[in-house]
1. Against the conditions (1) within 9 Å of the ligand (Cβ to nearest atom); (2) assigned to a loop (DSSP other than H, G, I, E, B); (3) more than 20 Å from residue 308 (Cβ to Cβ), where does residue 26 fall short? Just the number, please.
2. Go over the candidates 80, 44, 75 one by one and state the one that is out of contact with any strand residue (DSSP E or B) (no Cβ under 9 Å at 6 or more places or on another chain) and either within 13 Å of the ligand (Cβ to nearest atom) or modelled with pLDDT under 95 (or both).
3. Which residue out of 101, 90 is buried (at least 18 other Cβ atoms within 10 Å of the Cβ), away from the ligand (no atom under 11 Å from the Cβ) and over 21 Å from residue 248 (Cβ atoms)?
4. Scan 106, 117 and give me the residue that is within 11 Å of the ligand (Cβ to nearest atom), closer than 21 Å to residue 201 by Cα and surrounded by 15 or more Cβ atoms within 10 Å (Cβ to Cβ).
5. Here are 148, 124: which of them is under 22 Å from residue 206 (Cα atoms), free of Cβ contacts under 8 Å to residues at least 12 places away in the same chain and either away from the ligand (no atom under 16 Å from the Cβ) or not in a helix (DSSP H, G or I) (or both)?
6. Does the range 274-283 contain at least one residue that is under 25 Å from residue 55 (Cα atoms), at pLDDT below 95 and surrounded by 15 or more Cβ atoms within 10 Å (Cβ to Cβ)?
Ligand SMILES: N[C@@H](CCC(=O)N[C@@H](CS)C(=O)NCC(=O)O)C(=O)O
């Protein structure tokens, strides 16, 4: 596409991902709820993802989000940055602030907790699992036995863990409250907790383990969430679609949206600003590592400057939770 016909990028935000990814949807649902306009760059569900490779990103999971020349990997890092850039206002409705349950869910819904059980529900009955290219891609990432269970036992075992999670949510909603910590509006705790369970009931067709009789309040809460984000998405309108090449050109030509740098001197790793470091997740996709110069290190975030395919520079931002930084 010629530069004169390149789409405008709302708020300089581009979200990369594919519709089947529940983490990608988590971010889309947040953007819709907050009424934040953005562009979407569709990726394949499997490697290669040439637009991310061209930007110098080795991290292989989805979603990824760029704001100007800053690239955020991991949905939690993405949401934190958007929270900071778009405080609640009349144009951008906020999530009701919540307390302890938000903290608990934030720590436990990810890849080592609830989500791993949800992913365990995927078995040979799903079309993607019959696609040899998809299975090979995930085996390269996760291990050679991934997806080999055809007995249904893995799915049943995953359901055992998830039934406990549903029961816990049922307890939290015991008094008829609409949202986990009470109050009128959907809160941060709800958005931390609900998306893997909505995926389980919807795409993973796990309804047989979670009946309306046993979990009436939890199922109603999931429905409530679905309605809120569906209405918000209808109000927000569709994101601008941007093709990979245009996304790459935009990011390379943009400014940094985060101007801050500096290393927290109390950080336990004792690293110096400008040091050459490696950043990678510790929970899944651990062998896909990014290397670059340390720009910023705080309790919650690591930022490195990396080279793109043409030698220009962008910055990758990752959270400190479930990520490792090594010199
Ligand atoms: N902690 C990450 C996890 C992301 C994740 O596991 N995403 C899955 C898709 S839902 C993934 O990337 N799978 C492998 C792939 O798509 O390449 C986050 O919060 O974004």
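The values are calculated or read from the model by the stated rules, or taken from the named source; none is laboratory data. What you see is a predicted model; the values in this text were computed from it and never measured. Positions of Cβ are generated from backbone atoms using ideal geometry, with glycine treated the same way; all protein chains shown enter the neighbour counts.
1. Checking residue 26 against (1) within 9 Å of the ligand (Cβ to nearest atom); (2) assigned to a loop (DSSP other than H, G, I, E, B); (3) more than 20 Å from residue 308 (Cβ to Cβ), the one that fails is (2).
2. 44
3. Numbers: 90 fails: buried (at least 18 other Cβ atoms within 10 Å of the Cβ).
Only one candidate passes the filter, namely 101.
4. The unique qualifying residue is 106.
5. 148
6. As a first pass, look at the range 274-283 and keep what is under 25 Å from residue 55 (Cα atoms): 274-283.
Checking which are at pLDDT below 95 leaves us with 283.
Imposing the further condition that a residue be surrounded by 15 or more Cβ atoms within 10 Å (Cβ to Cβ) reduces the set to 283.
Taking every residue of the range 274-283 in turn, at least one turns out to be under 25 Å from residue 55 (Cα atoms), at pLDDT below 95 and surrounded by 15 or more Cβ atoms within 10 Å (Cβ to Cβ).
One line per residue, one yes/no per condition, for (1) assigned to a loop (DSSP other than H, G, I, E, B); (2) away from the ligand (no atom under 13 Å from the Cβ); (3) without any contact (Cβ under 8 Å) to a residue 60 or more places away in the chain:
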residue	(1), (2), (3)
270	yes, yes, yes
273	yes, yes, yes
284	yes, no, no
295	no, yes, yes
304	no, yes, yes
316	no, yes, no
321	yes, no, no
325	no, yes, yes
